[in-house]
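The values are calculated or read from the model by the stated rules, or taken from the named source; none is laboratory data. All figures in this text were calculated on a predicted structure; none of them were measured in a lab. Methodologically, a virtual Cβ is constructed for each residue, glycine included, from the backbone with ideal geometry; neighbour enumeration extends over all protein chains shown. The area values use the complete protein model at the heavy-atom level, side chains included, leaving out ligands, DNA and RNA. Shrake-Rupley method; radii C 1.70, N 1.55, O 1.52, S 1.80 Å.
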Amino acid sequence: MLGRLLKYEFKAMGRVMLPLYGAWLAISVLLGFVIRFDSGRNSSMVGIFSAILGILYVVAIVAIVIVTLVMIVDRYSKNLLGREGYLMFTLPVTTGEHIWNKTISAALWTLFSYVVGVLSFILIGLCSGSGVVNMHDAYGDFLGIMNYVQDNVGFGRAALGILEILLLVLLVAGVFALKIYASISIGHQSNNHKGLCSVGVFIGLSILESIVLGFLNFANFAYTPKLSTNTLADAVSSASVAMLLIGLVLAAVGAVYFIISYLLTDRKLNLE
Amino acid sequence: MEWNFKEGLPIYSQIIEEMCRQIASGAYKPGDKLPSVRDMAADAGVNPNTMQRALAELERRGLVFTERTSGRFITKEEGNLKEVKKTLGMRYVAELFENLRKIGLSDDEIIKAVNEWKEGVK
Amino acid sequence: MSMIECNGLTKYYGRVRALNNVNLKIEKGQIVGLLGPNGSGKTTMIKLANGLLKPNGGEILIDGSKPGVKTKSVVAYLPDREFLPDYMSVEAIFKMYEDFFADFRRQKAEDMLSSLNIDPAMTLKKMSKGTKDKIQLILTMSREAKVYFLDEPIAGVDPAARDYILKTIISNYSEDAVVIISTHLIADVESILDDVVFIKDGEIVLHENADQIREEKGKSINGLFREVFRC
């Protein structure tokens with residue numbers, strides 16, 4: 001059933017996010033081309049145009065960040081705890097599956113937003129490049145990096161490293177979403193000002209997080225062996241260990257948020 | 001068919017009444033096939049169990065019979081059909097007497113009134 | 001085993017007691033009216049049956065099980081409010097129901113849709129409230145469930161639609177299922193009920209066969225209701 005939930009969750013988020021991604025990429029392409037035209041001529045028209053597009057680009061980034069956040073909040077507070085809850089909670093699906101569904105979807109779409117962001121930079125770069133010469137240089141640089149990686153670290157290890165980074169990004173996004181869900185679930189318990197309560201809880205949880213992580217940092221400093229960073233291979237391995245430790249701590253924090261949301265949603269649900 | 005149920009009387013007995021009337025008046029002809037219980041219930045706007053109860057009683061009175069594979073039918077038995085007309089007829093007569101007695105007529109006066117009415121209608 | 005069973009069912013909202021030690025057994029093959037004024041506990045009981053609330057005391061069992069994934073796959077609930085995502089088309093919602101409910105009969109739903117002249121490609125956002133209500137009814141009645149909970153199915157509905165809804169409920173009747181109709185509009189609905197349950201201030205005050213009430217008390221259910229719930 002989780003698979004089916006994910007399918008519909010994707011459709012629900014996609015119908016808002018995909019058009020925005022499209023617009024963002026389109027603006028990137030336009031911005032790239034305008035920069036290309038602008039560098040060389042001193043036309044004020046083009047200058048104004050590139051300034052406008054530059055602003056639009058920044059607006060697009062801000063919009064995507066805000067919309068991603070708003071969607072994550074809405075998909076939980078409106079779809080689960082709002083009137084659609086009468087549909088969702090009568091589906092033959094467990095509470096755990098519902099929360100996993102929202103979390104996985106939130107994490108993935110956050111990752112997608114980052115990926116689209118990277119893509120947009122690449123597009124600006126590509127479109128504003130002045131022709132074959134730069135492409136050639138870029139390719140040359142690219143080959144150089146690949147060879148260096150191959151010699152010092154190995155492709156397999158490098159690919160694994162990239163995978164680890166992606167997983168960590170997903171984990172961070174997922175735990176962030178879970179923090180939001182826990183805040184909404186707690187806020188939902190109050191009779192008035194549910195939204196305000198949720199925001200307050202979120203801030204409270206964030207403060208708690210900082211305190212706990214602060215302690216852990218302190219402990220980490222004192223107790224863990226120093227990690228070697230002599231060679232690139234060593235550095236990559238050390239980074240992996242560090243990411244693993246961070247990942248474990250994050251997962252523990254996420255588990256706490258999950259449990260809070262689960263218990264409240266399973267036992268104290270009160271749809272209006 | 002227009003069904004109008006009165007308040008305060010069990011619906012199943014009102015269904016039986018109405019079916020008897022329909023059979024006696026020939027609206028349902030002998031041998032007619034009845035729709036399914038569910039369809040009759042939906043048409044009358046009543047619970048299927050209630051309709052079933054009424055039909056079971058009609059079957060007990062011999063006005064309706066079930067052929068296992070084909071469904072329910074109005075009886076063709078002359079005797080039963082005559083019986084239902086007679087019973088209904090006698091009841092209407094009783095009602096007539098009851099109503100006219102209520103306004104003070106004696107039984108003889110009632111019969112006189114009936115004859116007067118019959119002459120007048122010609 | 002009864003299809004629906006309440007044993008000592010109790011529910012509080014904070015300090016307010018919505019249901020007080022309710023004991024009720026409803027057998028399959030019935031259309032039952034859950035009748036009471038607003039705030040009497042009807043919706044609370046239905047929400048408990050659907051697992052949307054958890055009891056404070058006692059239990060409610062659907063076909064022998066506590067409300068959970070298993071019961072949700074055999075219970076069809078029509079709430080008295082809109083609960084579907086506005087942006088979806090009717091077709092999309094049918095597909096979703098098909099995906100999640102093994103007992104959803106798509107063909108039946110499509111037949112009902114066309115008999116009401118509703119375009120399956122239309123999104124809910126563009127529909128009138130009356131049409132949206134009909135879609136919700138079609139979704140619920142197209143499931144071959146063991147228990148149907150219809151919360152105020154004919155409130156705020158025009159007479160023609162009301163007849164259609166009542167006829168649909170009757171035609172959908174199954175000996176293996178239970179239909180619970182919760183309403184305060186008794187006169188329109190009483191002729192399709194087998195049994196009636198009167199609920200007052202969270203307690204069951206009556207549970208009897210409708211025709212038996214008419215025979216013994218010489219009143220319509222509506223009339224008896226007005227007597228029992230006189231303000």
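In the range A:50-93, the qualifying residues are those that are of a type in the set (S, T, N, Q) and under 14 Å from A:Ala106 (Cα atoms), and the one that is nearest to the other protein chains (Cβ to nearest Cβ) is A:Asn79. The residues of the range C:191-205 that are buried (at least 17 other Cβ atoms within 10 Å of the Cβ) and more than 9 Å from every other protein chain (Cβ to nearest Cβ), listed by number, are C:Asp195, C:Val196, C:Val197, C:Phe198, C:Ile199, C:Gly202, C:Ile204. All conditions but one from (1) of a type outside the set (Ser, Thr, Tyr); (2) in a loop (DSSP other than H, G, I, E, B); (3) facing another protein chain (nearest Cβ under 7 Å) apply to C:Asp86; the one that does not is (3). Looking across the range B:22-38 at every residue that is more than 8 Å from chain C (Cβ to nearest Cβ) and of a type in the set (D, E, K, R), the one that is nearest to B:Thr69 (Cα to Cα) is identified as B:Lys33. On the basis of being of a type in the set (Lys, Arg) and closer than 30 Å to C:Asp188 by Cα, does B:Arg53 make the cut? Yes: the conditions hold for B:Arg53. In this structure, is C:Tyr97 facing chain A (nearest Cβ under 10 Å), within 16 Å of C:Ser142 (Cα to Cα) and not in a helix (DSSP H, G or I)? Here the answer is no, as C:Tyr97 does not meet what is asked. Consider the range C:206-223 and keep the residues that are touching a strand residue (DSSP E or B) at 6+ places or on another chain (Cβ under 7 Å) and either small (Gly, Ala, Ser) or more than 10 Å from chain B (Cβ to nearest Cβ) (or both). The one that is surrounded by the most Cβ atoms within 10 Å (Cβ to Cβ) is C:Ala210. Looking only at the range C:54-83, residues that are open to solvent by less than 10 Å² (accessible area, probe 1.4 Å), more than 7 Å from every other protein chain (Cβ to nearest Cβ) and not in a strand (DSSP E or B) come to 1 in all. Given the criteria surrounded by 17 or more Cβ atoms within 10 Å (Cβ to Cβ) and within 14 Å of another protein chain (Cβ to nearest Cβ), does C:Thr43 qualify? Spelling it out, C:Thr43 is indeed surrounded by 17 or more Cβ atoms within 10 Å (Cβ to Cβ) and within 14 Å of another protein chain (Cβ to nearest Cβ).
Residue-level check: of (1) open to solvent by 50 Å² or more (accessible area, probe 1.4 Å); (2) in contact with an Asp or Glu (Cβ under 9 Å, 6 or more places away or on another chain); (3) away from chain B (no Cβ under 14 Å); (4) free of Cβ contacts under 8 Å to residues at least 40 places away in the same chain, C:Val157 misses just (1). Checked against the criterion of being part of a helix (DSSP H, G or I), surrounded by fewer than 18 Cβ atoms within 10 Å (Cβ to Cβ) and within 14 Å of another protein chain (Cβ to nearest Cβ), the range B:56-70 contains one or more residues that satisfy it. Within the range C:116-156, the residues that satisfy the criterion of being among the acidic types (Asp, Glu), under 22 Å from the mean Cα position of the chain (by Cα) and not in a helix (DSSP H, G or I) are C:Glu144, C:Asp151, C:Glu152.
Of the residues B:Asn99, B:Asn4, B:Asn49, the single one that is open to solvent by 70 Å² or more (accessible area, probe 1.4 Å) and within 22 Å of C:Arg214 (Cα to Cα) is B:Asn4.
Within the option set A:Ile52, A:Ile27, A:Ile66, A:Ile48, being open to solvent by 50 Å² or more (accessible area, probe 1.4 Å), in a helix (DSSP H, G or I) and within 21 Å of A:Leu126 (Cα to Cα) holds for one residue only, A:Ile52. Candidates C:Asp176, C:Asp188: the one that is free of Cβ contacts under 8 Å to residues at least 40 places away in the same chain, touching a Lys or Arg at 6+ places or on another chain (Cβ under 7 Å) and closer than 24 Å to C:Val147 by Cβ is C:Asp188.
Checking the stated criteria, C:Asp103 turns out to be open to solvent by less than 40 Å² (accessible area, probe 1.4 Å) and of a type in the set (Asp, Glu).
Of the residues making up the range A:238-272, just one is over 30 Å from A:Ser190 (Cβ atoms), in contact (Cβ under 8 Å) with a residue 60 or more places away in the chain and of a type in the set (S, T, N, Q), namely A:Ser240.
When A:Ser128 is tested against (1) within 14 Å of chain C (Cβ to nearest Cβ); (2) in contact with a Gly (Cβ under 9 Å, 6 or more places away or on another chain), only condition (1) is not met. Would you confirm, using the coordinates I've provided, whether A:Ser113 is in a helix (DSSP H, G or I), hydroxyl-bearing (Ser, Thr, Tyr), touching an Asp or Glu at 6+ places or on another chain (Cβ under 7 Å) and more than 12 Å from every other protein chain (Cβ to nearest Cβ)? No: the conditions fail for A:Ser113. Consider C:Lys134 carefully, then state whether it is exposed (fewer than 14 other Cβ atoms within 10 Å of the Cβ), at pLDDT 90 or above and away from chain B (no Cβ under 14 Å). Answer is no for this residue. Scanning the range C:87-107 for residues that are touching a helix residue (DSSP H, G or I) at 6+ places or on another chain (Cβ under 8 Å) and either β-branched (Val, Ile, Thr) or under 25 Å from C:Val75 (Cβ atoms) (or both) returns C:Met88, C:Val90, C:Ile93, C:Phe94, C:Met96, C:Tyr97, C:Glu98, C:Asp99, C:Phe100, C:Phe104, C:Arg106.
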